[in-house]
Structures are given as structure tokens and as C-alpha cells.
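The structure under discussion appears below in the form of C-alpha cells.
The values are calculated or read from the model by the stated rules, or taken from the named source; none is laboratory data. None of these values were measured; they are calculated from a predicted model. Glycine also receives a Cβ, built like all others from the backbone with ideal geometry; neighbour counts cover every protein chain displayed. Side chains are part of the model used for accessible areas, which takes the heavy atoms of the whole protein and leaves out ligands, DNA and RNA. Shrake-Rupley method; radii C 1.70, N 1.55, O 1.52, S 1.80 Å.
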Protein chains: 2
Amino acid sequence: MSAPSRSRSGPGDPPRAGRRRAAHLGPAIRRPQVLDATLKLLVEHGYAGTSMGAIADAVGVTKPVVYECYPSKRELFGALLEREEGRIVAAIGSALGEEWKPVEESEEAYTQGFTALLTAARDAPDSWRIVFDSRGGPDPAVERRAREVRTLVVERLAAMIAAALEAGDRPRHGGDPARVAPVLAEMVVAIGESGVRTMLTTEGAWTPAELGSLLGRVAARGIEDL
Amino acid sequence: MSAPSRSRSGPGDPPRAGRRRAAHLGPAIRRPQVLDATLKLLVEHGYAGTSMGAIADAVGVTKPVVYECYPSKRELFGALLEREEGRIVAAIGSALGEEWKPVEESEEAYTQGFTALLTAARDAPDSWRIVFDSRGGPDPAVERRAREVRTLVVERLAAMIAAALEAGDRPRHGGDPARVAPVLAEMVVAIGESGVRTMLTTEGAWTPAELGSLLGRVAARGIEDL
DNA sequence: GACCGATCCTACCGACGGGTAGCTTTTCGT
DNA sequence: ACGAAAAGCTACCCGTCGGTAGGATCGGTC
């Protein structure tokens with residue numbers, strides 16, 4: 001699970017165990033295949049542990065074909081991040097919704113949000129891992145982008161929570177909303193991540209709706225009357 | 001922040017920019033220095049991105065000296081993990097305490113636990129990162145060990161939460177405690193991690209006690225009456 | 001002040017990874 | 001059926017990395 005090297009043994013680069021010549025599909029078709037393979041390997045072995053040769057093998061092709069799709073390793077991973085970032089942002093958008101619901105319905109709002117998030121996470125878990133769990137990044141620029149996405153999510157959530165805190169006219173115990181909201185936002189995101197982990201490790205024991213409901217209840221109760 | 005290469009430029013291995021010969025300290029003294037340097041680099045660049053040469057440079061020494069301390073890269077990282085694992089387990093022990101407090105005081109129990117955790121995390125943040133955020137591990141064996149520590153923590157917490165859920169004689173909405181407790185445990189751990197992140201990113205804006213109190217309140221309220 | 005073991009350093013090896021040049025095979029239009 | 005463009009493949013370059021041999025230096029001892 002951790003040895004990224006392909007099954008090599010010969011002296012030169014090409015192991016070419018009796019693999020058949022790959023079909024002539026062309027860069028346009030190959031590019032998404034390359035990204036898919038890269039995503040999988042990246043999650044398993046990290047950036048430095050993922051070699052272009054291993055990616056080529058995973059696609060069932062040789063290195064120059066990969067380089068025909070992306071001119072360098074950096075650009076490949078940059079493109080990958082961009083694609084996953086798009087997926088994440090779209091999912092987050094639908095999970096958070098555009099408007100903050102009234103406080104009375106906040107539990108329902110959280111439940112819906114978590115459910116949407118968990119559904120998206122179940123359908124494309126690696127996309128989430130790459131952003132929320134990004135370490136050992138490609139190079140400073142790409143890694144920074146990954147962190148920025150997370151920061152963006154947390155900030156948007158923080159703004160929504162701050163608005164909700166201020167809207168409520170009950171006594172405040174937690175101090176200044178502007179100070180507390182970011183912490184709570186970070187926490188809500190963490191709760192979402194914990195849900196993703198739960199779904200992945202228990203594999204089918206929970207449905208997104210079921211788990212989302214549980215998480216939503218906990219999050220809403222924890223935050224209300226703060 | 002992401003280029004693990006040392007400042008090399010010459011053709012061979014040794015850059016030897018005008019560094020002075022290191023003092024004769026010996027393996028026994030050097031070993032902890034090597035572990036410290038390795039931990040720092042590991043957190044920054046991941047396993048594959050951390051070279052023995054870079055470690056040597058960080059210690060202010062050359063590669064053979066590092067190999068005098070640990071016979072291989074694998075063993076070095078194994079020893080590192082063992083040390084950090086010990087620190088973590090000790091901190092967790094004091095954070096969780098030995099007994100589960102009555103439900104009435106659960107908020108206080110959580111607060112104390114989080115505060116202890118955050119204090120430990122503040123004092124040795126990298127120890128935590130390496131375990132909770134372990135990806136691209138050294139080799140299957142070592143990486144597995146890292147995950148086991150996390151699993152252990154979550155399991156112990158789950159047992160305590162399950163006990164607390166069953167002890168409470170109030171109506172249950174969340175379903176079977178044995179099913180719900182692991183999810184909540186995962187969540188509490190996630191909340192703790194979010195607290196660590198908050199402390200790291202806001203750098204001094206929160207004290208462990210203050211933040212621990214906030215997190216404890218949220219966690220306790222979220223879980224009680226479930 | 002000369003010896004000696006412990007310690008460190010220079011210089012190197014084989015393997016692997018990113019990246020490329022140029023040949024071979026497939027595919028497709030005519 | 002044939003030729004050329006498109007796509008893949010082999011074989012290689014160069015730099016870095018894990019790891020090692022053997023010479024240089026330090027620090028204490030007699």
C-alpha cells in the first residue's frame with residue numbers, strides 16, 4: 001500500500017511486462033484518465049511518492065504518453081487540483097445553500113447541509129481528501145491553492161454562523177460573535193470531516209441522510225444558545 | 001516551504017557551503033537531535049519528501065553521521081513514530097482521565113479534557129500532526145502503526161461515550177448507543193483537532209483553557225439528550 | 001607532545017525519478 | 001489499398017536519493 005514503485009525489475013526505465021500496446025485514444029481522451037489515476041495515487045502515496053511512471057502504469061500506458069497530456073508533473077497536479085477544487089466548490093455551494101435559515105430551523109439546515117456534503121463525499125471521497133488532507137504538496141503554489149479552498153469554505157461558514165449568532169436575541173455566553181464564529185466554523189467543518197471518515201470506515205453502515213441527521217442535530221444543539 | 005532539497009549546487013553530494021565541522025558529540029547525544037529535525041521536516045514535506053541529506057543538513061552534520069545514529073531511513077522514522085506515539089498516549093491519558101464523570105458534569109469533563117489536549121498540542125503540535133495527519137507513510141508497517149494510535153484513541157473515547165449514553169436514563173433519539181458512540185467519538189476527536197488548528201492559525205488569540213471551555217460546551221451540549 | 005579511539009567529513013556507488021529524442025504502430029482519409 | 005498524420009513505445013540523459021568506504025580531525029590520556 002505504500003511502495004509506489006511499479007513492478008520494475010529490468011535495468012532501464014521500461015518494465016513492459018507483457019502488456020499490450022494501448023489503444024490510440026489521444027491526449028483529449030487520456031487527460032481525464034490521467035487525472036483519475038493521479039488522484040488515486042496521490043491519496044495513497046502523497047505527492048512525492050507518486051511518480052510519473054507509476055501514473056503511466058496505472059493508466060496502462062508509458063511515460064511519454066502522460067507527458068503528451070501534461071507537460072510536467074507540476075502542471076499535471078495543478079490541473080488535478082483545479083478539477084477537484086471545482087467539484088468541491090460546487091458541492092459546498094449546494095450543501096451550504098445561499099441563505100442562512102432562521103435559527104429555529106437551524107438544526108434542519110445543518111442536517112440538510114451535512115447530508116448534501118456526505119452524499120457528495122460518498123460519491124467522490126478522494127476529491128475531499130485531497131483538499132482537506134493536503135500535506136506534502138506539489139510545490140508552494142499548488143499547495144497554497146489547496147489550503148485556500150479550505151480556508152474559503154471555513155470563512156464562508158464563519159460568516160453565516162456569525163450572522164446567525166447576531167440574529168439570535170438570546171443571552172450570549174460565548175463572547176463576541178466575531179471571535180467565536182470562526183472557531184465554530186472550523187468545528188462544523190471538522191464535524192463534517194468526521195462524518196466523511198465514519199462513512200468511509202464503516203462502509204455502508206450509515207446512509208448520508210441518516211448520518212447527516214445525527215451530525216446536524218449535534219452541531220445545531222452545540223451551537224444554539226451559545 | 002516545499003522544496004526539500006538542500007541548498008546544493010555542486011556536482012557531487014556535498015554542498016559544504018562554508019559550514020564548520022560539527023562538534024564531536026556522539027550518537028547518543030545526536031539521536032534526539034536527529035529525531036527533532038526529522039519530525040520538523042516530516043511535517044513539512046512528508047516522508048518521501050524528506051531526504052536523509054536534508055535531515056543531516058538540518059542537524060548541521062553530514063549523512064554518515066545520521067547513519068551512525070540510525071541504520072536506515074525506515075528505522076529512523078520508526079523510532080520517531082515510537083517517540084511521538086509515547087508522547088501522544090501520555091497526553092491522551094491525562095486528557096481523558098481514567099473514569100467517566102457523571103453526566104451532570106459532562107460539560108466540565110469535556111472542557112477539562114479539551115483543555116489538557118490543547119495544552120499538550122500547543123506544546124508539541126508536530127507530535128499530533130504526525131499521527132492524526134499521517135499520509136504517505138514510510139512503509140506499510142510504520143504507517144499502520146500511526147493509524148492504530150488514532151484508532152485506539154477513538155475507540156477508547158467511544159467506549160466512554162457509550163457508557164455515558166447508557167448511564168443516562170433519558171429518552172434516546174439517536175438509536176442504539178453502540179452504533180452511535182463511535183460516530184460521536186470520531187466527532188469529538190475531530191472537534192479537538194479543529195481546536196488545535198484554531199490555536200495554530202490564530203497564534204495566541206486563544207488560551208487552551210478558554211478554547212477548551214468553548215469546545216467542551218459545544219461538545220457536551222451536542223451530545224447530551226441525544 | 002605524541003598516541004589513540006571516537007567522531008565527523010569527503011567522495012563515491014547503484015537505483016530511481018523527471019523529462020526527452022526518435023522510431024514503430026495504428027488509424028483514417030482518399 | 002496506400003500513404004501520412006496521430007498516437008504509443010523504446011531507450012536514454014541527468015539529477016537526486018539512500019547508503020557506504022575510507023581518509024581527516026577532535027579530544028582526551030599518558
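Residue by residue, here is whether (1) assigned to a helix (DSSP H, G or I); (2) under 19 Å from the mean Cα position of the chain (by Cα) holds:
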position	(1), (2)
A:186	yes, yes
A:194	yes, yes
A:201	yes, yes
A:204	no, no
A:211	yes, yes
A:216	yes, no
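Of all residues in the range A:187-226, those being more than 7 Å from every other protein chain (Cβ to nearest Cβ), in contact with an Asp or Glu (Cβ under 9 Å, 6 or more places away or on another chain) and β-branched (Val, Ile, Thr) number 1.
Taking the conditions (1) open to solvent by 50 Å² or more (accessible area, probe 1.4 Å); (2) more than 13 Å from DNA strand C (Cβ to nearest atom); (3) within 14 Å of chain A (Cβ to nearest Cβ) in turn, residue B:48 satisfies each one other than (2).
Tell me, which residue of the range A:53-98 that is more than 16 Å from DNA strand D (Cβ to nearest atom) and outside any helix (DSSP H, G or I) is farthest from residue A:37 (Cα to Cα)? Per the stated criteria, the residue is A:98. Scan the range A:65-121 for residues that are open to solvent by less than 40 Å² (accessible area, probe 1.4 Å), within 13 Å of the chain's Cα centre (by Cα) and at pLDDT below 85 and the total you get is 3. Annotation note: of A:59, A:43, A:34, the sole residue that is buried (at least 17 other Cβ atoms within 10 Å of the Cβ) and within 14 Å of the chain's Cα centre (by Cα) is A:43. The set of residues in the range B:176-210 being open to solvent by 40 Å² or more (accessible area, probe 1.4 Å) and free of Cβ contacts under 8 Å to residues at least 60 places away in the same chain consists of B:176, B:178, B:179, B:182, B:197, B:201, B:202, B:203, B:204, B:205, B:207, B:210.
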